1. Taking a cut-off of 23 Å between Cα atoms, list the lysines near Lys146, but don't count ones fewer than 8 places away on the same chain.
2. If contacts are Cα pairs under 8 angstrom and at least 6 residues apart, what is the relative contact order of region 56-186 in percent?
3. What ranking do Glu234, Glu74, Glu164 get, fewest neighbouring Cβ atoms within 10 angstrom at the top?
4. I need the peptides 107-120, 79-92, 41-54 ranked by packing, meaning the mean over residues of other C-beta atoms within 10 angstrom, with the highest value on top.
Amino acid sequence: MSAEAPTPAASPALAAPVPEGDASVSEAPPCAARTCAARELGLELLDPGSVPLYRLFRHPGGDWDPTPAAYRHERADPPAGHKDAFAVLYLGDSLPAVAIECRILRVDFADNYTWLRSIASQYEVVRYEFSQPAVFLPLDGGNRHKLGLAGRQRALGSKGPFQEAALALYERFGRVVHGLSWESMHRDQAGRIYALWHEHKATIGLTRPGSRDYQRLVDDPEWHEFLTEHPAIEAIEDPSL
């Protein structure tokens, strides 16, 4: 895992103005994904089989096949105009993490958790193993500011800067790095997300052990165990509630 980020320079928008013609004082903009020095970026290295990998899917082939370019709208997908540049297989290191990413597990303003039974019944659970070392480039931690992804460096709620960074990092490092990673950006950060570039499934020896007759999330024993361990999480039948 990468080291903690150094204290970032002040944002140009917040910095004191530089007198015209005064070259002795300057405020360098945050290093963007296309221009930052590779040596400044941290990597996340995973030993084979060192973390569990989960995915929820509800469309045929969603456990393995690339998402059609027209539907690549998530955080580490390519930006508009480049949707066919690459495809991502989104994975998580815990079942709650992928459930919250799929908006099944939710939290309100008072930190009360609920889960949507009707939505959970639409998703199947797939678990993966990988037999080769994996290398991911984190979008968080010490890399976040260097990639221009810190909160004050981007518009609130926009995935655009992440997608632009994903494209830049893929074009620069896609042959040697296998994907991107970050702690879930939902409240309480229920796990770590791994955005694996599809062409690297074979590189890391990714497999789906066991039967392809997957269980729905609502029937999954591990999900039931999680809910038993957290009895305050309320099941909601109607997603409109």
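All of the numbers you see were taken from the coordinates with simple rules; none came from a lab. It should be emphasised that the depicted structure is a prediction, and the values quoted were computed from it without experimental measurement. Because the Cβ atoms are built from the backbone with ideal geometry, glycine has one as well, and the counts that use them run over all protein chains shown.
1. Partners within reach: Lys159.
2. Computed over region 56-186, the figure is 30 percent.
3. Going from least to most buried by this count: Glu234, Glu74, Glu164.
4. Details: 107-120: 14.4, 79-92: 17.9, 41-54: 16.1.
Averaged packing, sorted descending, gives the order 79-92, 41-54, 107-120.
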